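Undergrad: What follows is a single structure, and I will ask about it in a moment.
The values are calculated or read from the model by the stated rules, or taken from the named source; none is laboratory data. In this text, all values refer to a predicted model and were calculated from it rather than measured experimentally. Every residue, glycine among them, receives a Cβ derived from its backbone with ideal geometry; neighbour counts consider all protein chains shown.
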Amino acid sequence: MIRIESIRQRFARWAWLARAVFLAAACIAAFALFSREGANIVKALALIQPYHAALAFVLSIGHIFASYLAWRVIIAWHDPQLTGGNTARVFFLGQIGKYLPGGIWPFLASAEFGRDAGLKSRTTMVSLVLALLINLGSGGILCAIALPQALLQLPVGPLWLLAAIAATAILLHPAFIRKITGVAGIDLTPASGKMFGAGILSVITWLFAGLHLIILARGMGMDFHAIDLILFAAIYAFAWIAGFVFMIAPAGLGAREAAMIALLATQMPLAEATAIALLSRLLMTLADFTLAGATLALTRNRAAR
């Protein structure tokens, strides 16, 4: 028993170094994502008004922050005493792990930061899986409502992806969620009201993302309005789900852009669609690291204690 405690103390002594390496690696990986597309991103930035780019960036932050709130509804059900600073570290610092190759890093990083808040690793991971399922389900509903006509304009109808969305919606059934939490050995199934609240917040995340696409389009001189919000939210959701399915790529790189360009091209010229997809990726990445950096700065003293 004494030996186990000694191992834990040694691990805790070096944990700060592991976390520093993780944060540095995520920053380097994110920079590498754009190194190949640097020239195209510069061209895309030249097409848009600075005001619209700044507004789209603010909406990108809103998109990610709403995702955090949806997850917080779930984790707060397990432990209502968790502070905002603790949950922010778990979510925002963990999320930048998605820029590393492989889809497991956000879960592992969040589990590690969750230990500071007294959360068991499996509790953090299961809560993130539930939030992910809700996100996929709400995005799938938006796609089913708004995208049939746009999908018919594509050369090949991605029926496999629509089938995956339908399967995800089935997996959101409370009985399946209870099964997941039961296998993990924890009680993390929120009441139906909490699940509904998390679902509403998840829909809001897609609306933020859709509005950010509209603002980018308007910044390039195209005439889109609030009435197009559901369509653009569904386009972003579809592209995000495509990136998730191709999870081996860092943050769905390539698959998300390909799907977004294909759908945006049904609404605008291909050149503008490509520029918007690149700018969207850039702004969402900047938003991820802005929130992670702000969280790291604002909660640094608390984490040290």
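Undergrad: Could you please let me know if R256 is basic (K, R), out of contact with any strand residue (DSSP E or B) (no Cβ under 7 Å at 6 or more places or on another chain) and modelled with pLDDT under 85? Outline the logic, then answer.
TA: Details: basic (K, R): yes; out of contact with any strand residue (DSSP E or B) (no Cβ under 7 Å at 6 or more places or on another chain): yes; modelled with pLDDT under 85: yes.
So R256 fits the description; yes.
Undergrad: Is there any pair linking a residue in the stretch 41-69 that is farther than 21 Å from G199 by Cβ and surrounded by fewer than 20 Cβ atoms within 10 Å (Cβ to Cβ) to one that is at pLDDT below 90 and among the acidic types (D, E), with Cβ under 8 Å and at least six apart or on different chains, and which?
TA: Close Cβ pairs (under 8 Å, with a partner that is at pLDDT below 90 and among the acidic types (D, E)) amount to L47/E272.
Undergrad: Where in the stretch 50-117 are there helices (runs of 4 or more DSSP H), lying wholly inside it, with at least 3 residues that are at pLDDT 80 or above and aromatic (F, W, Y)?
TA: 50-78
Undergrad: I'd like to check something: does the stretch 97-112 contain any residue that is more than 21 Å from F246 (Cβ to Cβ), surrounded by 22 or more Cβ atoms within 10 Å (Cβ to Cβ) and among the aliphatic types (A, V, I, L, M)?
TA: no
Undergrad: Same structure, new question: Please go through the stretch 177-227 and pick out each residue that is outside any helix (DSSP H, G or I) and either at pLDDT 90 or above or β-branched (V, I, T) (or both).
TA: I186, T189
Undergrad: Hey, could you check the stretch 199-230 for residues that are closer than 17 Å to Y51 by Cβ and β-branched (V, I, T) and say which is surrounded by the fewest Cβ atoms within 10 Å (Cβ to Cβ)?
TA: Of everything passing the filter in the stretch 199-230, I214 is surrounded by the fewest Cβ atoms within 10 Å (Cβ to Cβ).
Undergrad: Let me ask something else about it. Taking the stated definitions as given, is A29 surrounded by 13 or more Cβ atoms within 10 Å (Cβ to Cβ), more than 27 Å from F196 (Cβ to Cβ) and at pLDDT 85 or above?
TA: Criteria not met by A29.
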